[in-house]
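Structure first, then comments.
The values are calculated or read from the model by the stated rules, or taken from the named source; none is laboratory data. Being a predicted model, the structure only gives us computed values, none of them experimental. Glycine also receives a Cβ, built like all others from the backbone with ideal geometry; neighbour counts cover every protein chain displayed.
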Amino acid sequence: MNKQIINTTNAPAPIGPYSQAVKANGFLFCSGQIALHPQTGELMIADLETETKQVMANIKALLDEAGISFDNIVKTSIFLSDMSLFAKVNEIYGSYFSADFPARETVAVKTLPRNVNVEISVTAVL
């Protein structure tokens, strides 16, 4: 198996024993991203739009580091603190894709890291 760890200072450093992303066998597996600002470590949670956009910016940084784009994403997992947030997060999330949307599930969970409202992980093809 060909495996390469992806790290960038343009996305938040891991807050546990995991990698930001891993390239393996033609895929990029990105760990779940929350709205941590990569340079300051500050949570960007002033409102749901700011939070979701920071999550997507963090994902973009990982994709950029791997030399790919949102067009390469084939699967996403969205975790919400409450399903009532779905419509707004979905609207923002959807604006990052032009067509051929990835497969996805969206679930509400009891608690997310650092008590954020949104966490998103992605899998992309290289």
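Are any residues in segment 32-54 under 20 Å from residue 91 (Cβ atoms), in a loop (DSSP other than H, G, I, E, B) and touching a residue at least 24 places away in the same chain (Cβ under 8 Å), and if so, which ones? Passing the criteria: 34, 35, 45. Candidates 44, 56: the one that is among the aliphatic types (A, V, I, L, M), touching a His at 6+ places or on another chain (Cβ under 8 Å) and at pLDDT 95 or above is 44. Is it the case that some residue within segment 24-35 is surrounded by fewer than 16 Cβ atoms within 10 Å (Cβ to Cβ) and either of a type in the set (A, V, I, L, M) or farther than 19 Å from residue 4 by Cβ (or both)? Within segment 24-35, one or more residues are surrounded by fewer than 16 Cβ atoms within 10 Å (Cβ to Cβ) and either of a type in the set (A, V, I, L, M) or farther than 19 Å from residue 4 by Cβ (or both).
Of everything listed in (1) loosely packed, with under 13 Cβ neighbours inside 10 Å; (2) over 19 Å from residue 92 (Cβ atoms), the single unmet condition for residue 20 is (1).
Taking segment 55-126 and the strands (runs of 3 or more DSSP E) fully enclosed by it, the elements with 3 or more residues that are in contact (Cβ under 8 Å) with a residue 60 or more places away in the chain, crowded, with 16+ Cβ neighbours inside 10 Å and of a type outside the set (Gly, Ala, Ser) are at 118-125.
The residues of segment 14-31 that are modelled with pLDDT of 95 or more and assigned to a loop (DSSP other than H, G, I, E, B), listed by number, are 17, 18, 19, 20, 25, 26. Residues of segment 86-126 that are farther than 20 Å from residue 37 by Cβ and among the aliphatic types (A, V, I, L, M): 87, 99, 103, 107, 108, 109, 124, 125, 126.
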